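This report refers to the structure that appears directly beneath it.
We did not get these values from a lab; they are worked out from the coordinates using the rules stated. Model, not experiment: these values are computed from the prediction.
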Amino acid sequence: MCALDLLASRLPANSIGVVFMGDAGAPPSTMGDGLLCVGGPLVQHFPPRMTDGSGRLAELDVSGTSAGFHPSARIVIGSTWHFQCAYRDPGGPCGSGFNVTNGLQVTFLR
């Protein structure tokens, strides 16, 4: 299977964030200063990461990393997963202290 790297950008510099995935999309609902778009009965998160000085957070080889998840939450050929990143944002527009990126849906074909 090909490796998929996810990159979130334009986040606060030197802040903590976490990429998470679910096996379904969800109708947008409020989460922090943003909208949660990931859902489903299977939701898994990757280890927390620190954004760099430019406000970028990278989650490398999500399919490979998922091999350590419970078997039902592993990325396999033919599966579709929804990804999003939650991150600390003390200066966010609504004052909740955290926000989320846009969601991304990926179907793994090989």
Subject >> Potential lengthening between Ala26 and Ala58 on full extension [0.36 nm per residue; Cα-Cα distance subtracted] >> reply: 9.2 nm
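Please give the length that would be gained between Phe69 and Leu7 if that part of the chain were fully extended, namely 0.36 nm times their separation in residues minus their C-alpha to C-alpha distance (nm, one decimal).
20.3 nm
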**OP:** Enumerate the amide H contacts of Ser15 below 5 Å, restricted to partners 5 or more residues apart or on another chain; note that Pro and chain-start residues carry no placed amide H.
**Re:** Thr51
Original post:
Normalised by the number of residues in the chain, what is the relative contact order in percent for Cα pairs under 8 Å and 6+ residues apart?
Top reply: 35 percent
Original post:
Who wins for biggest fluctuation among Gly53, Gly64, Gly17 in a Gaussian network model of the chain, springs between alpha carbons below 10 Å?
Top reply: Gly53
Subject >> Principal axis dimensions, largest first and in whole angstrom, of the chain by Cα >> reply: 40, 30, 20
